[in-house]
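Where a number appears in this text, it was derived from the coordinates with a stated rule and is not lab data. Small disclaimer: the values here were computed from a predicted structure and weren't measured. Note that each Cβ is placed from the backbone with ideal geometry, even for glycine, and that neighbours are counted across all protein chains shown.
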């Protein structure tokens, strides 16, 4: 679906805005922006992506090369929705390891069966 | 690392021990506004603190070499492709007043779905990597110390690796970033959902680290067929990113709107652009404004571009701007050359100085066409938003091609950009968070099991990299061919052999630009200009600008080409020009050492004025730095001078020798050295001669340590003394 060309019908469309004060017009602008953005913000609150997960593991002390390998493998196993950082941290806690040791074990192909 | 004004930046010193480098601060720094700031003979109203070192505007010569600094941050955008060359360009720009360095990324980095490492060469920009960020920030630390003002470092948090890039920026002390999911979506065709979900995380990280965020709405100006018609949509794009950024936690004063006056003359620029500038500032009160200069209508004529950019800057002064960004005047004809970054910064500096205090004298009309047209733009923007919601929301509007239509909304040309919300790069990669989803790190956006407690989210394992930077994992290089060491081997080796080539962009590129007027018709003149350049031995000549003066009488050309020649510096006849050390640096060295100086005009010579000016505090002489100076007067014998030096335990002897008949000045210098050697004093003394006919080479040939001619300042003499003493102290 592509929108069709349309002449400039500003004068007709603006009838309901004509008598608004500047302040009211500004308030209407920001209120509409809020409505436009709200569903996008909600989606972001409740979803994640490979880049977000890599950014989490980066913050947990893994290199960019390691985060990519870990997230690619976790995505292949359908685990991103659990939170890759959570999975690594909980693995470390269960195994009595540091977070780094747990991540390196996974990178070595070990302990995948022990992930929740 | 410390930079000295007379020494080139040493890239090897920048690269040394990068693994352990940590940035000295986080977040953005504004200039510090100063009220009624006196600079030289003038008082400035829109001023900030002076620089410690800079290259003033050429006309400053008439006003005591003043360099007044406006209160807007001044941006330069850098895109050479090699970060090691960028560093020198940054240093030059900083000396001309830039304090916001925006590094353009290499073509294609937006579509790489992970971070990259090392120092590969880029095209139209650099690949942003940890090593390049770290090296650049380290060099900027030294450059900001040199000029005496904080410099903000900035790049892009967009593309498929946005959240990781944001973390990288936070870890590495980057101060500002472009972040706008609409840019990914509309201009890079990255999947809509991926762009927005990633953006919230990236923005949360930017907020945590105090970076200034700049949005991407200016891209709509740059791509629109008729840029003045997209103004209603520009307001909407700014607002979508702003509201989204606020939701992700960025405070209003860290959100900067990237705004460009849409038109250029011969369009009636201010009549079109000023109402838009006013509408934007009305709607976005409380946010920051990054005023960019126009690129949409830039051609190959640098004079024309500069006039447009002056008018853009005038609009900033008539309304408001927190950052005045600059566009190089050659952007219409090539990837910017480094001296044109400086030209652009100078255009802003010159314009801002010239317009100082404008708003205290000139007010925009409160009614009439300016306000009417501003109102109309705002109403059109409200109508644009209403239609988005009528279509079902943002996703539906993008799917239908509501954005980047070339019509003056609500006029529609039907040529808007259509994006499939299930398509584009990174489509299908957005995953719903499970009920127990967790991310045990700071500055994470949205549902997170670790965010509920009272501890920091990263407490369970001792802290994330944002709390404990020692956990950051540094990778030096991944490619043993495409890296800075390999590039430097060639360039530095040639410099080490004392060879020099002209350049405009990258070290050793050899590019020159010649200007020539050819008095013939356009086509003939064009062919002739190229042939003339070949006869100048320029390789691959190319006309980069032709301006017709008259169809038959002739055209003016700028022709670039490569000079296939490296010259040997050793063969040059010109003396080495050494910049003096800064006053503070001289004083810091001299005061604690109590250095005694004995000075006299020697021989049968009654000239006293020159030496007084070198010594006296009143004349800006070396006494101001804390030298203990004894002036013996005029017509003093060389023996008396050395006697006084022994008595005073002086380290420095200054002799003035003005008369020159029978080469008496040369004989005096030679005898001073010989006498000092005879008396066993030579190694303990610094012997310096001055006089109207004295040169440094002549004094050195006579065995002295330095010689100075006409017009020498105390600062120059003191600098030389400090440098010699430093060398002797090792």
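For chain B, take N as its residue count and report Rg(C-alpha) divided by 2.2 N^0.38 Å.
1.13
Computed from the C-beta positions of residue A:45 and residue B:537, the FRET efficiency with R₀ = 56 Å rounds to 0.30.
From the square roots a ≥ b ≥ c of the eigenvalues of the alpha-carbon gyration tensor of region B:595-666, which class results: rounded (a/c under 1.5), prolate (a/b over b/c), or oblate? Oblate, because a/c is 1.5 or more while a/b does not exceed b/c.
Beta bridges assigned by DSSP with both partners in the protein assembly as shown are antiparallel in approximately 40 percent of cases. Estimated from the Cβ-Cβ distance and a Förster radius of 51 angstrom, the FRET efficiency linking residue B:473 and residue B:663 is about 0.15. Taking the convex hull of the alpha carbon positions in region A:58-116 and averaging its projected area over all directions gives 3.5 nm². Across the alpha-carbon atoms of region B:458-498, the computed radius of gyration and Dmax are 18.7, 58 angstrom.
Helix B:522-535 and the longest principal axis of the C-alpha atoms of chain B enclose an angle of approximately 40°. Taking a label point 7 Å from the Cα of residue B:494 along the Cα→Cβ vector, which residues of region B:79-116 have an amide N closer than 16 Å to it? Residues B:82, B:84-86 fall inside that zone. Relative to the longest principal axis of the Cα atoms of chain B, the long axis of helix B:302-318 lies at roughly 70 degrees. Secondary structure note: in region B:521-677, about 45% of the DSSP beta bridges are antiparallel. The radius of gyration of the Cα set in the protein assembly as shown, together with its Dmax, comes out at 31.9, 102 angstrom.
Let me know the shape class of region B:418-510, please: from the alpha-carbon gyration tensor, a ≥ b ≥ c as square roots of the eigenvalues, rounded when a/c is under 1.5, otherwise prolate if a/b is greater than b/c, or oblate.
Oblate, since a/c reaches 1.5 and b/c is not below a/b.
The mean number of Cβ atoms from other chains found within 10 Å of a Cβ in peptide B:157-169 is 4, as a whole number. Here each label is just a point 7 Å from Cα along the line to Cβ, and for residue A:30 and residue B:253 those points are 1.7 nm apart. Of the beta bridges in chain B, as assigned by DSSP with both residues counted there, near 35 percent are antiparallel.
Over region B:459-531, the pair-distance histogram of Cα-Cα distances with 10 Å bins from zero comes to 14, 20, 17, 18, 15, 8, 6, 2 percent, rounded to whole numbers. Across region B:46-108, Cα-Cα pairs farther apart than 21 Å form 33% of the total. Note on region B:517-621: Rg/Rh from Cα positions, Kirkwood definition for Rh, rounded to two decimals, is 1.38. Take each residue of peptide A:99-106, count the partner chain Cβ atoms within 10 Å of its Cβ, and average: the result is 1.
The Cα center of region A:63-114 and the Cα center of region B:323-384 differ in position by 51 Å. Two decimals is fine: what is log10 I(q)/I(0) at q = 0.19, 0.23, 0.24, 0.25 Å⁻¹ for region B:1-59, from a Debye sum with one equal scatterer on every Cα and no solvent? The Cα Debye sum returns log10 ratios of -0.96, -1.06, -1.09, -1.11.
Can you tell me how much longer the chain between residue B:609 and residue B:729 gets when fully stretched, taken as 0.36 nm per residue apart minus their C-alpha distance, in nm with one decimal?
Once the chain is fully extended between residue B:609 and residue B:729, it gains 39.9 nm.
Translational diffusion of region B:288-423, estimated by Stokes-Einstein from the Kirkwood radius over alpha carbon pairs at 4 °C in a medium of 1.567 mPa s, is 72 µm² per second. Would you mind getting me the FRET efficiency between residue B:6 and residue A:4? Use the beta-carbon distance for r and R0 = 51 Å, nearest 0.05. For residue B:6 and residue A:4, the calculated efficiency is 0.15. For region B:439-591, the spherically averaged projection of the C-alpha convex hull amounts to 21.7 nm².
Taking 37 °C and 0.692 mPa s as conditions, region B:1-143 diffuses translationally at an estimated 193 µm²/s according to Stokes-Einstein applied to its Kirkwood radius (Cα pairs).
Put simply, when B:336-347, B:265-276, B:199-210 are sorted by average Cβ atoms within 10 angstrom per residue, most first, you get B:199-210, B:336-347, B:265-276. All C-alpha to C-alpha distances of region B:332-410, sorted into 5 Å bins beginning at zero, yield P(r) values of 3, 11, 12, 11, 8, 9, 14, 17, 11, 4, 0 percent in whole numbers. For region B:631-730, the spherically averaged projection of the C-alpha convex hull amounts to 6.3 nm². The angle between the Cα long axis of helix B:162-171 and the main principal axis of chain B comes to about 30°, on a 0 to 90 degree scale.
Note on residue B:567 and residue B:630: the model spin-label points, each 7 Å out from Cα along the C-beta direction, lie 4.8 nm apart. Its residues counted as N, chain A yields a C-alpha radius of gyration over 2.2 N^0.38 Å of 1.82.
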